[in-house]
Amino acid sequence: MKRRDFLKATAAASLFASSPSLLKAATSYSGKFLVTVHAAGGWDPTSFCDPKMNVPGERIINNWASTLSTQTVGNINYAPFADNDAFFRAHYQKMLVINGIDVKSNSHSTGTMNNLTGIKKDGYPSLAAIVAASNKTEELMPWLTGTSRPKSGKLIAPSTIAGSGALNSLRRLAKPNLYSTTRTDTYVQDDELTLIRQYRQNKVTPKIVDQTELAKQRAQFRNYLASTFSDGSFEQYLNLIESADTKGLSTSNRYYNQATSIIAAFKAGVSLSADIAIGGFDTHGNHDVRHANALTNVTTTVDLLWYLAEQFGIQDRLVVHMASEFGRTNRYNDGNGKDHWSITSGIIMSNNPGWGNRVVGASDAAHFAHKINFNTLQVDNTSGTTIEPKHVMTALRQHMNVDSQPASVKFDLSTSAIPDFFNPSMMT
């Protein structure tokens, strides 16, 4: 058989015709992208989005409150601490602040589990895992994670965000026919590479559709064949990372690198959700200095997420959830640190939402959670209910349109009532 005829024959049996979805990134997904930013170690909302002034006659809650006052932009109060002012003034219209969340634990592991999954029970998946599992089609890396490994519930395998030093290795994967990522010459000519790929299709396709093969084996053949093709989405992902304007922030900083990688992956169609953790918040000593550094890492990273989303034109699809496993005590210890405190806050962000520039939930002057009437969102310490992570997570599942998906149903949070957090006509 002549080479030209062989190409025509193999093309006729090509998987391009039988399973075209294997050969391209999912372009049909038009839903929301989710990034959960976890402030690892337990942040201090009283120096962030639930600011507290010192109470006369009581121990000092915040040193900054001795000389400065709570700041307000729109309907949102914030502490004049770290780089909070720039962050809140830039993004307050995107924000729903939820204060007075009771995690019911001072344990790092339990608090993290509760805030990321909505339950103090091992084996439940994070919201980002549920979103990815519910919406993935053929994305190469539907669920991205940072250096930590959030809970998957065995729904989906996470893909670790590559550090800046791994980019060259990724380029080799994306363009394996190049001698070097810095050169344009190739191992084989384009038409020869086409011949090889079509031969693979012709050999592997019968095994994929053969019902006598085990399902796991058919999946392995399918994944093998998919790995040998590219529609350019992975190359686009790498190109976006390299060309992104990061506001002068160095991507050698792993947090900025993660932000860039996540938004590039969303834009390129290779991912749709991400969990990242930003550490440094377990400030049992030297609280003010260490916490200011950690908060700055969080706010600049989230700011970069939004800057890149706008740069790549996906800002209207992005949802960012900021949370931490618990708060810090309402006083300093003998080492000028703050210890674990079960009351915390969270922030949900979207671009130009009707429900933005609002605060729901509250805590008192000593940072004890108020109970809330879930129908009105007003403080009701007599017959109201304390906000817990399960309420926030259930509302977020609804907001991300995954609450009725099998992944959510399987991991039910058993919440009898949910505050109408996203009702723009109500706030606390």
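Values for this structure:
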| quantity | calculated |
| --- | --- |
| Radius 13 Å from Cβ of Ile348, net charge of other residues (Lys, Arg +1; Asp, Glu -1) | +4 |
| Helical contribution to [θ] at 222 nm, DSSP H n ≥ 4, -39,500 (n - 2.57), averaged over the chain, rounded to 500 | -10500 deg cm²/dmol |
| Potential extension, Asn375-Asp412 segment - 0.36 nm per residue separation minus Cα distance | 11.1 nm |
| Unit charges on C-beta of K, R, D, E only; dipole of the chain, Debye | 1420 debye |
| Residues Val73, Val392, Val131 arranged by fewest to most Cβ contacts within 10 Å | Val73, Val392, Val131 |
| Karplus 3J(HN,Hα) series, Hz, for the range 29-36 with 6.51 cos²θ - 1.76 cosθ + 1.60 (x for Gly, Pro) | 6, 10, x, 7, 9, 10, 10, 9 |
| Simple label model, 7 Å out from Cα along Cβ direction - Glu310 to Asn423, nm | 3.2 nm |
| Crossing angle, helix 3-12 versus the chain [Cα axis fit, 0-90 degrees, rounded to tens] | 50 degrees |
| Environment charge at Ser414 (Cβ cut-off 14 Å; Lys +1, Arg +1, Asp -1, Glu -1) | +2 |
| Spatially proximal lysines relative to Lys52 (Cα-Cα < 16 Å; intrachain offsets below 8 disregarded) | Lys338 |
| Estimated FRET transfer efficiency (Thr184, Asn286; beta-carbon r; R0 41 Å; 0.05) | 0.20 |
| Neighbourhood net charge (14 Å Cβ-Cβ; Lys/Arg +1, Asp/Glu -1) for Met400 | +2 |
| Tyr224, Tyr237 arranged by Cβ crowding within 10 Å, fewest neighbours leading | Tyr224, Tyr237 |
| Burial ordering of Leu68, Leu34, Leu214, fewest other beta-carbon atoms within 10 Å first | Leu214, Leu68, Leu34 |
| DSSP beta bridge pairing in the chain, given as percent antiparallel to the nearest 5 | 50 percent |
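Rule-based calculations on the coordinates, nothing more; no lab input. The structure displayed is predicted, hence computed values, not measured ones. Heads up, the Cβs are rebuilt from the backbone with ideal geometry, glycines too, and the neighbour counts pull from every protein chain shown.
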